[in-house]
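Comments concern the structure below.
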Amino acid sequence: MDRSQLGFDQNVSGAGDDFPSMLRRKGFLAPTAIGPTSQTVTPQQTWQPTDATTILAFKFSGGVLVAGDRRATAGNTVVYDRADKVLEIDSQSIMAIAGVPATAWEMARVLEHSLQYFRRTQLQEMSVDGKVRALSKLLRDNFGFVMQGVGVVVPIFATYDGNSKPEARLYFYDAMGAQFEATDYAATGSGSPAVRGILYYENTWGAKPLHKLNEKEAVSLALRALDTAAESDTATAGVDRSGKIYPVIKIVSRAGINTLPESKIAAVFKEMVV
Amino acid sequence: MIEEPYRWVEAIANRREYIEGQLAPGSPIAALGYREGILFVTLGQTRQKLFEIYDRIGMGAIGHPGDIERLRMAAIELASTEGFTRSAGDVSLRRLAHYSLSPVMKSAFEQIYGPPYLARMLFAEVGARPQDDLFLRVEYDGEIASNGATYARARQDFAVLSGTRQSVEMMEAFLKTEHKPDASFGTAVNSALDAWSVGHMVLQASEAKELPAREAVAHHRQEQLTNAAIEAAVLERDGSRPIRYRSLTDNELRSIISR
């Protein structure tokens, strides 16, 4: 009897076969796209920055805060006003996404399952460096699609590792998969230039540097920054005052991930922002 | 010679005897459903015997480490693929065991020119309520025993795995009187350790016909606990987190053990 028909591979050793390649072997994940060598496609005609959103993350006294607005757009149309772009990958890691939602959410799903698959097969947690590289590899595998004009994703990755120094870790990426570790803050998406300006200013000349902010101050800064981004960037929703739709804010710390309830964000918004 | 049917039957019988002999010294494993989940317990100090398969599925196994590893990898791969392409809720232990593992193990066992799997596995899947918990024991020949009610027996809220049939039967007889599905965690830990001791004693004394006396069990357990490390894991019933499997350390358990 052919055992492979039963989805039962005798040669699986676990080592060297990570989750995405296992999915590809079984045909459940698209192969890595053909690169820009394709003659009909030139980068100039297809490369469009479609990372229309604003995501920000910074380290504060209680861990790493990651916030994202909730607007999803297609061109100049608002498609959805309750999108969640700040995603939990495991109990200690957050991936926040700017870019084409279909690709980004799929990527987050693959990453989430990859870490679990690794833990179950290898009987240990993946290291922070391993997680950071795993996301980098997914971005790199996707780059062929980016060059064909579909599927650009520019994420932020925040995690907390009790065994490392510093304990709170924050990374941002480019579309090709290069990873950069941020010391204080990171921002991505079409509204990020404004946000980066605010965070730099606050960190350098503000009442106190970002890493000394308490939770309430951190949340109010995130809300103000997103609202500022929304002022000039139509792809960013900021805070929807009439619809009472607030950004998604998650905090990762030693205790794990805390998703701030809307009522709490609303209270800070009412008191410190409005 | 194998072409003749009765030779084949004879070869299978030999093979069965050989495998049973290989599995006989395996340290018992007890899995008990309690109020807040399912608890796996065994004692040993060499190889890991309890494993996470998926969000709500755990596995305990005895046998050859190489075979256990291949079956474990296959189970994880099948569950992970299903969980990724559909959803975690679509991963089902019943399907995993009946439609994937069992046929493969059966055919490996019956193809007498190929190697069989030298492994016996105990799977558990935690449900929303204790009556939804599923326990399956998968044998080296693909045979599956579940905890469900049959015409001969009421539904059980536990399952055990051991080197010999006699040891399994004694452990089951012990748990049938000792264990209640609404037990607390502490009670379940103690019942599981007692059940392990019963199973282990029967393995050592091959002619045991009835349950060993309570004092003897307590004494045996005390003796074994001074040397061997406890290996344990739980599948939590609480649905607030998707991943229910959690392995417990020896220290965590020593503090709850009575006496």
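Just so it is clear, none of the values below were taken in a lab; they were calculated from the coordinates. Everything numeric in this text was worked out from a predicted model, so none of it was measured. Every residue, glycine as well, gets a Cβ built from its backbone with ideal geometry; the counts of neighbours run over all protein chains shown.
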Practice task
Let me know the mean shielding of A:117-123 by other chains, meaning the per-residue number of their Cβ atoms within 10 Å of its Cβ.
Solution key: 5
Exercise for the section: Quick one: compute a quarter of the convex hull surface over the Cα atoms of the range A:173-274 and quote it in nm². Expected result: 7.6 nm²
Practice task
Between B:A208 and A:I245, with labels modelled 7 Å along Cα→Cβ, what's the label distance in nm to one decimal, could you check?
Solution key: 6.5 nm
Fill in the blank from the handout: Quick calc, the range B:183-259, dipole around Cα centre from Cβ unit charges on Lys, Arg (+) and Asp, Glu (-), nearest 20 debye, gives 260 debye
Problem - Overall Cα dimensions of the range A:97-231, principal axis frame, Å, largest first - result: 48, 40, 21
Fill in the blank from the handout: One finds, for A:A30 and A:Q124 with R0 = 30 angstrom and r their Cβ-Cβ distance, a FRET efficiency to the nearest 0.05 of 0.55
Problem - Beta bridge orientation in the protein assembly as shown: antiparallel %, DSSP, nearest 5 - result: 100 percent
Practice task
Report the calculated FRET efficiency for B:R94 and B:D182 (r = Cβ-Cβ distance, R0 = 22 Å), to the nearest 0.05.
Solution key: 0.35
Practice task
Would you look at the GNM of chain A, springs on alpha carbons closer than 10 Å, and say which of A:G191, A:G256, A:G162 moves the most?
Solution key: A:G162
Practice task
Calculate the mean, over all residues of peptide B:97-104, of how many other protein chain Cβ atoms lie within 10 angstrom of the residue's Cβ.
Solution key: 2
Practice task
Please give the peptides A:56-67, B:10-21 ranked by average Cβ packing (other Cβ atoms within 10 Å per residue), highest first, as a rough proxy for protection.
Solution key: A:56-67, B:10-21
Practice task
Please find, in a Gaussian network model of chain A (springs between Cα atoms separated by less than 10 Å), the residue of A:A222, A:A182, A:A98 whose mean-square fluctuation is greatest.
Solution key: A:A182
Exercise for the section: Compare A:M95, A:M126, A:M147 in a GNM of chain A, Cα atoms joined below 10 Å, and give the one with the largest fluctuation. Expected result: A:M126
Practice task
Apply the Karplus parameterisation 6.51 cos²θ - 1.76 cosθ + 1.60, with θ equal to phi minus 60°, to every residue of the range A:86-103 and state each ³J(HN,Hα) to the nearest whole Hz, in sequence, with x for glycine and proline.
Solution key: 10, 10, 8, 9, 8, 5, 10, 10, 10, 10, 10, 10, 10, x, 5, x, 4, 5
Practice task
Whole number please: convex hull volume per residue, Cα atoms of the range B:102-259, in Å³.
Solution key: 159 Å³
Practice task
Against the globular-protein guess of 2.2 N^0.38 Å, express the Cα radius of gyration of chain A as a ratio, rounded to two decimals.
Solution key: 1.06
Exercise for the section: Could you tell me how many degrees, from 0 to 90 and to the nearest 10, lie between the Cα long axis of helix A:215-232 and the main elongation axis, the longest principal axis, of the Cα atoms of chain A? Expected result: 80 degrees
Exercise for the section: Would you mind giving the average projected area, over all directions, of the Cα convex hull of the protein assembly as shown in nm² with one decimal? Expected result: 31.4 nm²
Handout entry: Average partner coverage of B:73-83, which counts Cβ from other chains inside 10 Å
Key = 6
Completion exercise
Checking rank on B:89-95, B:160-166, with mean other Cβ inside 10 Å and highest first, the result is B:160-166, B:89-95
Exercise for the section: Provide the per-residue ³J(HN,Hα) series for the range B:138-154, in order, calculated from phi with Karplus coefficients 6.51, -1.76, 1.60 and θ = phi - 60°, each as a whole number of Hz, with x at glycine and proline positions. Expected result: 10, 8, 4, 9, x, 5, 10, 10, 10, 8, x, 6, 10, 5, 9, 7, 7
Handout entry: Karplus-derived HN-Hα couplings along the range B:187-204 (A = 6.51, B = -1.76, C = 1.60, θ = phi - 60°), whole Hz, x at Gly and Pro
Key = 4, 4, 4, 5, 4, 5, 5, 5, 4, 4, 4, 4, x, 5, 5, 5, 4, 7
